[in-house]
Each structure stands twice: as C-alpha cells, then as structure tokens.
Amino acid sequence: MEHNGLTEEELKQLSTVEGFENWQKVERYFPETRYVPDGNKLKTGVISIPPRKEKPVSCTLRLYALNIDGKNLLMRTDTINSFEKECALAAFADRIFAEGGVYVSSPVEVGAYYNDRMVYSLYNFFCGDNLARRLPEFSTSHQHAFGVEAGKQLKKFQSVLPQPDDKLKEQNDIFLTLTRLEEKGIKYEGFSQASGFLKKHHSIPENRPATAIHGNFSANTLFLDKDLNVGMLPLNESGWGDPVTDLISLSDGYSLPFIKGVFKGLYNGILPSDFFELLAYYSTERALTDIDGAQNKEELAVAIIRAQKIAADLDNYQSVIPVWY
C-alpha cells in the first residue's frame with residue numbers, strides 16, 4: 001500500500017505530523033511557463049527561448065502540501081543522505097525570512113524518520129499563482145510594478161550576508177570549460193566571440209562581494225498572492241555568492257517591463273557602472289557551462305540555442321549592454 005508515494009511504514013512513521021493522511025503530493029509547486037517560440041510574445045510575459053535543463057536537486061526528493069485551518073504547509077521528504085543538506089537549506093531559509101524579511105516559505109522543523117532512513121522538512125508554505133503565467137494578463141505598467149516589487153524582495157534577500165564559516169559557491173574554471181568545448185568540436189555563430197570575451201574577462205569574478213543568492217531567480221520562481229503581492233517560492237538552489245548572478249535568468253524574456261522593474265527595485269533605479277559587464281560574463285559562462293554539461297543531443301541543442309541568443313543580444317560581444325535593454 002502507498003499513500004502519495006509513501007509506503008505504509010513510512011506513513012506510520014510520519015503519523016505524528018498533523019493531518020498527514022490528507023497531505024497531497026505535488027510534483028512541482030505549480031507548472032512552469034513553457035517555451036513558446038514566438039519573439040513577438042516577449043513583451044507579454046511568455047518565455048521566448050527554450051527553458052534551461054535544470055538539474056534536479058535530488059532524484060529522491062518528494063513534496064507534499066496541506067492546508068490546515070487555512071494555513072498552508074509544505075513538507076519535503078528525502079533519503080537520510082540529504083539530512084545535512086535539508087538542515088542547511090532550512091537554516092538558510094530561516095535567516096532569509098527572519099533577517100531579510102523576505103516573503104518566502106519559512107521552516108518549521110527538520111527531522112529523521114523511517115528508522116533514520118529518511119529526512120523530512122516542514123515549512124510554512126507561502127504560495128500563489130505562477131508570476132510568469134500571470135504577467136500576460138496585466139498591462140505593461142503593472143508588469144513593471146511587479147518587477148519593482150520582485151526587485152525589492154531580492155534586495156532584502158541579498159541584504160543577508162555570509163558568516164565566516166559559510167561556504168561560498170565555487171567558481172568554474174572557465175579555461176577548462178573552453179578547452180573541453182573545443183575538444184568536443186562545439187561550434188555555433190558567436191562561439192568564438194563568446195570564448196574570447198570570457199578569456200579576456202576571466203578575472204571578473206575575483207574579489208566580488210558575496211551575499212545570499214537565490215540561485216534561480218526569475219518570474220517562474222516567484223508567485224503572486226491573492227492580494228497581488230509578489231513572493232518567492234520555497235528555496236532550492238540558494239547559497240552565498242556574487243549577487244549579480246541572481247539576474248542571469250531574467251534575460252530569458254518573461255517581460256521587458258518586468259525585467260526593468262526588477263533592476264529598478266533592486267538598485268533604486270541606478271545600475272552599478274560594471275553591471276552589464278558582469279551580467280554578460282556570468283550569462284555567457286553559464287551558457288557555455290550548460291553546453292559542456294549537456295547529457296544528450298536535445299539538451300545540447302537547447303543549450304546552444306540559449307548561448308546563441310546571448311551572443312545575438314550582445315551583438316556578438318561588440319557590446320555588453322543587451323539589445324533588449
């Protein structure tokens with residue numbers, strides 16, 4: 001017997017969690033907005049390029065949701081190997097919620113069950129409608145306003161600073177990545193220019209400030225509640241690193257007014273002088289890393305399409321300011 005993917009024995013172990021027999025398994029918090037190959041849709045909020053192939057945080061992670069007396073709860077379950085990771089994620093989310101005052105799900109508890117073979121994490125679940133899906137319903141001025149609010153939320157998020165014992169996200173060795181791509185015979189329009197740009201600016205990540213970073217910030221990881229407030233979905237890939245890296249996914253093309261609104265909310269309308277150079281570097285680095293890490297022809301094709309778009313946006317690296325800005 002199974003209940004939403006849990007065996008009867010596992011269910012018995014979790015029986016102390018209030019109302020668990022009524023918990024509903026969810027594959028995702030809600031469906032993502034998917035790829036629509038129509039550049040004219042860019043301003044209406046629909047993604048204009050294929051979505052990245054996101055690596056699963058865990059192949060064994062399961063999500064369950066429940067509403068008890070009007071209060072939404074989220075539970076994550078995984079194998080005990082993820083215990084330390086779940087504890088670290090909960091501690092991180094607690095700091096973001098408490099110190100930063102960010103509108104994001106806050107942890108209740110983390111514990112082991114099933115004779116210490118499994119781990120569960122319980123969160124107060126703040127959720128709503130997928131912002132990327134809702135954006136097309138609103139005027140461009142409203143899309144911009146939602147972007148400003150999202151930028152302010154990200155600013156709060158990035159106001160939380162790492163402690164001395166917090167581990168920063170490791171930087172890729174871009175020269176090794178480029179060598180592997182050349183050995184694989186990777187070629188596309190703009191590749192040589194992208195390679196030259198990264199080599200020329202390889203020292204950009206050095207001595208950059210470190211803050212809390214979301215890890216996958218975009219309209220697809222934000223929600224709109226019933227009062228039209230913008231919040232962040234539960235965290236998965238967060239950590240400590242260069243705050244500019246949180247803006248890479250924005251250029252996927254959800255909505256130009258939304259993107260510009262995020263910039264305004266995050267930077268009070270005044271972009272740092274080196275902002276676009278940093279954004280161009282990190283966007284290109286991730287694009288080429290995705291190509292290098294592609295597991296099959298389909299993933300490779302999508303990664304190359306995305307890298308080509310970045311090259312085109314930057315006029316084949318003749319400028320660091322993207323044409324869409």
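Each residue in segment 209-219 was checked for being in contact (Cβ under 8 Å) with a residue 60 or more places away in the chain and surrounded by fewer than 23 Cβ atoms within 10 Å (Cβ to Cβ), and 1 pass. Looking only at residues in segment 71-91 that are open to solvent by 20 Å² or more (accessible area, probe 1.4 Å), assigned to a strand (DSSP E or B) and farther than 15 Å from VAL104 by Cβ, the one that is modelled with the highest pLDDT is THR79.
State whether the residues of segment 217-227 include one that is among the basic types (Lys, Arg) and under 16 Å from the mean Cα position of the chain (by Cα). No, every residue in segment 217-227 fails to be among the basic types (Lys, Arg) and under 16 Å from the mean Cα position of the chain (by Cα).
For segment 143-165, check the following and say yes or no: at least one residue is open to solvent by less than 10 Å² (accessible area, probe 1.4 Å) and at pLDDT below 95. Yes; the residues of segment 143-165 include at least one that is open to solvent by less than 10 Å² (accessible area, probe 1.4 Å) and at pLDDT below 95. Being in contact (Cβ under 8 Å) with a residue 24 or more places away in the chain, at negative phi, open to solvent by 40 Å² or more (accessible area, probe 1.4 Å) and not polar (S, T, N, Q) is a condition met by at least one residue of segment 253-262. Scanning segment 269-325 for residues that are farther than 15 Å from ILE186 by Cα and outside any helix (DSSP H, G or I) yields a total of 18.
Among residues of segment 163-177 that are in contact (Cβ under 8 Å) with a residue 24 or more places away in the chain and under 13 Å from GLU206 (Cα atoms), those with a beta-carbon under 9 Å from a residue that is of a type outside the set (Lys, Arg) and open to solvent by 90 Å² or more (accessible area, probe 1.4 Å) at least six positions away or on a different chain give the pairs GLN171/GLU206.
Among the residues of segment 181-194, is there at least one that is over 23 Å from the mean Cα position of the chain (by Cα), open to solvent by less than 80 Å² (accessible area, probe 1.4 Å) and under 18 Å from THR245 (Cα atoms)? Checking segment 181-194: at least one residue is over 23 Å from the mean Cα position of the chain (by Cα), open to solvent by less than 80 Å² (accessible area, probe 1.4 Å) and under 18 Å from THR245 (Cα atoms).
The values are calculated or read from the model by the stated rules, or taken from the named source; none is laboratory data. Computed from a predicted structure; not experimentally measured. Neighbour counts are summed over all protein chains in view; Cβ atoms, including those assigned to glycine, are modelled from backbone coordinates with ideal geometry. The area values use the complete protein model at the heavy-atom level, side chains included, leaving out ligands, DNA and RNA. Shrake-Rupley method; radii C 1.70, N 1.55, O 1.52, S 1.80 Å.
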